[in-house]
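Below is one structure, written out as structure tokens; the observations come after it.
The values are calculated or read from the model by the stated rules, or taken from the named source; none is laboratory data. What you are looking at is a predicted structure, and each value in this text was computed from that prediction instead of being measured. Cβ atoms come from the backbone with ideal geometry, glycine included; neighbour counts cover every protein chain shown.
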């Protein structure tokens, strides 16, 4: 009786042990058929994308309770990428041995931020370490969400609008609305759509074309504006000698010898400035010897 009662629990344990392994968290360590989480292939995003494309991403039903908002606002492959990232982070936090002397963020700066709160009087030794790890995960997730938006727009440069769009897809980032307003993401989407319409070769309206022609006069009119320094009688003679051609580009320009006639030959004659009382220019300096003789 006692042996039978003792053997039954052992059989139950042997049957339930494989079920616990099957239902446990999957480790991306490259062992026992599991894919390897290799950050050398494009960082966290590249590693998660490679695992998701291999079909090894965890199902969304795994994340329940506190983890239900892990991939909020995402669907399809982007959702699988975030699920792989969080599965790997949770598994490593629970199973790996951590070196608390190595951190991605400086602990001194984190302590300074924590002490900025007037209600904080003392800080334990473990608090900055946990805070640094939380900030590391938060920054990585936000960067991956923003990079997903950049790839959807076929860009390889991360912009501020990508971060704003990533924040707008999840309610968990509402505390950052003062830093990156959601209106900025909407305005950037509208400006991007307007730029795409212009680049598609949309014809300009007739009023805009007329305005552009008014801002740029024809070459013949430009030539007449350049002749502002020529005497009016000389302009009439020049136009009579050189009639306008049908092609505006065929209009000849005045010769250099004719342009020089717009200024009087006698530059010393300053009668034209007589109204301003200007004296004629003296070309020579008075002799200094005569001044010395007069003083002596």
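Details
- Among residues that are assigned to a helix (DSSP H, G or I), in contact with a helix residue (DSSP H, G or I) (Cβ under 9 Å, 6 or more places away or on another chain) and under 25 Å from residue 165 (Cα atoms), residue 69 is not included.
- Qualifying position, being closer than 26 Å to residue 180 by Cβ, out of contact with any strand residue (DSSP E or B) (no Cβ under 8 Å at 6 or more places or on another chain) and not in a loop (DSSP other than H, G, I, E, B), among 157, 91, 140: 140
- Listed by first and then second residue, the pairs linking a residue in region 114-129 that is more than 23 Å from residue 104 (Cα to Cα) to a residue that is part of a helix (DSSP H, G or I) and at pLDDT 90 or above, with Cβ atoms under 7 Å apart and 6 or more places separating them unless they lie on different chains, are 120/114.
- Subset of region 115-143 [under 33 Å from the mean Cα position of the chain (by Cα) and surrounded by 13 or more Cβ atoms within 10 Å (Cβ to Cβ)]: 128, 129, 131, 132, 133, 135, 136, 137, 140, 141, 142, 143
- When every residue of region 26-37 is checked against the conditions, none turns out to be in contact with a helix residue (DSSP H, G or I) (Cβ under 9 Å, 6 or more places away or on another chain), part of a helix (DSSP H, G or I) and not assigned by TED's automatic domain parsing to the domain that holds residue 150.
- Residue pairs whose Cβ atoms lie under 6 Å apart, sitting 6 or more positions apart in sequence or on different chains, and linking a residue in region 133-153 that is under 14 Å from residue 73 (Cα atoms) to a partner that is surrounded by fewer than 18 Cβ atoms within 10 Å (Cβ to Cβ), are 146/158.
- Top-ranked residue in region 94-126 [being touching a helix residue (DSSP H, G or I) at 6+ places or on another chain (Cβ under 7 Å) and in a loop (DSSP other than H, G, I, E, B); ranked as farthest from residue 58 (Cα to Cα)]: 120
- Condition met for residue 158 (surrounded by 16 or more Cβ atoms within 10 Å (Cβ to Cβ), at pLDDT 90 or above and within 27 Å of the chain's Cα centre (by Cα)): no
- For region 169-184, the tally of residues that are surrounded by 14 or more Cβ atoms within 10 Å (Cβ to Cβ) and free of Cβ contacts under 8 Å to residues at least 40 places away in the same chain stands at 6.
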